[in-house]
1. For the range 99-116, which residues satisfy the criterion of being within 19 Å of the chain's Cα centre (by Cα), at pLDDT 80 or above and in a loop (DSSP other than H, G, I, E, B)?
2. Does ASP9 satisfy the criteria of being assigned to a helix (DSSP H, G or I) and modelled with pLDDT of 95 or more?
3. Sort out which residues of the range 72-87 are touching a strand residue (DSSP E or B) at 6+ places or on another chain (Cβ under 8 Å) and surrounded by fewer than 20 Cβ atoms within 10 Å (Cβ to Cβ), and write them in order of number.
4. What are the residue pairs meeting all of these: first residue in the range 38-49, first residue among the basic types (Lys, Arg), second residue at pLDDT 85 or above and outside any helix (DSSP H, G or I), Cβ atoms under 6 Å, and 6 or more apart or on different chains?
5. So VAL43 passes all but one of these: (1) surrounded by 20 or more Cβ atoms within 10 Å (Cβ to Cβ); (2) modelled with pLDDT of 95 or more; (3) closer than 18 Å to ALA140 by Cα. Which condition number does it fail?
6. List the pairs whose first member sits in the range 57-83 and is on the phi > 0 side of the Ramachandran plot, whose second member is part of a loop (DSSP other than H, G, I, E, B), and whose Cβ atoms are under 6 Å apart, counting only residues at least 6 apart or on separate chains?
7. Could you count how many residues in the range 53-76 are part of a helix (DSSP H, G or I) and within 24 Å of VAL133 (Cβ to Cβ)?
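The values are calculated or read from the model by the stated rules, or taken from the named source; none is laboratory data. On a predicted model such as this, the values are computed, not experimentally measured, just so you know. For neighbour counting, all protein chains shown are included, and Cβ atoms are generated from backbone atoms with ideal geometry for every residue, glycine included.
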Amino acid sequence: MDGAARSRDQWADELVRVSAEYEGRPGDIARGRELARRFLARVRSAQGRPVPDRAVDLVQLVVSELLTNACKYAPGPSVVDLELAEDRVEVTVWDSDPVLPVAGAPDAGRIGRHGLEIVMAVCQSFEVHREPVGKRMRAAVTLADDMSGRAVGHAS
């Protein structure tokens, strides 16, 4: 009986959390976006939770931008964790580079390097913490839309 209870608990965890490791190889960013898409499809079907297409797009965008930074600037592996938490998805990316990212000042003439600005604009919250090895970036993407179609908690 104890084994059955653990099995159910493990299944419940798999429905609200997923993790994947990447090595900085070509295709990792696309694989990260696919991880997010499959995770939210599971949330929709297995839990019957409403997940607007907008939220699926935003979570994939956030995973893509944070994983791109990890692949571009951090030597070695990176880890993506996705977790369903109440009304939002927590996207966490760990990489081996201890240097904390800094969003650049707005500059319409700058080509590239807007990823962190994008993440901060579309997320409910964003934080970065230095770890004993590397850093951990966490962004929260809200799942609910208000009646006007705007994201609840969306940063302006």
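1. Initial filter on the range 99-116 (within 19 Å of the chain's Cα centre (by Cα)): 100-103, 113-116.
Then keep just the ones that are at pLDDT 80 or above; that gives 100-103, 114-116.
Once the filter is applied, which keeps residues that are within 19 Å of the chain's Cα centre (by Cα), at pLDDT 80 or above and in a loop (DSSP other than H, G, I, E, B), the range 99-116 yields LEU100, PRO101, VAL102, ALA103, HIS114.
2. Values: assigned to a helix (DSSP H, G or I): yes; modelled with pLDDT of 95 or more: no.
It is false that ASP9 is assigned to a helix (DSSP H, G or I) and modelled with pLDDT of 95 or more.
3. Initially, the range 72-87 is screened for residues touching a strand residue (DSSP E or B) at 6+ places or on another chain (Cβ under 8 Å), giving 73-74, 76-85, 87.
Hits for the range 72-87 are TYR73, ALA74, GLY76, PRO77, VAL79, ASP81, GLU83, ALA85, ASP87.
4. Short answer, once both residue conditions are applied: ARG44/VAL51.
5. (2) is the only condition that VAL43 fails.
6. Hits for this filter: GLY76/SER96.
7. As a first pass, look at the range 53-76 and keep what is part of a helix (DSSP H, G or I): 53-73.
Now narrow it down to the ones that are within 24 Å of VAL133 (Cβ to Cβ): 62-73.
Going through the range 53-76 one residue at a time, the tally reaches 12.
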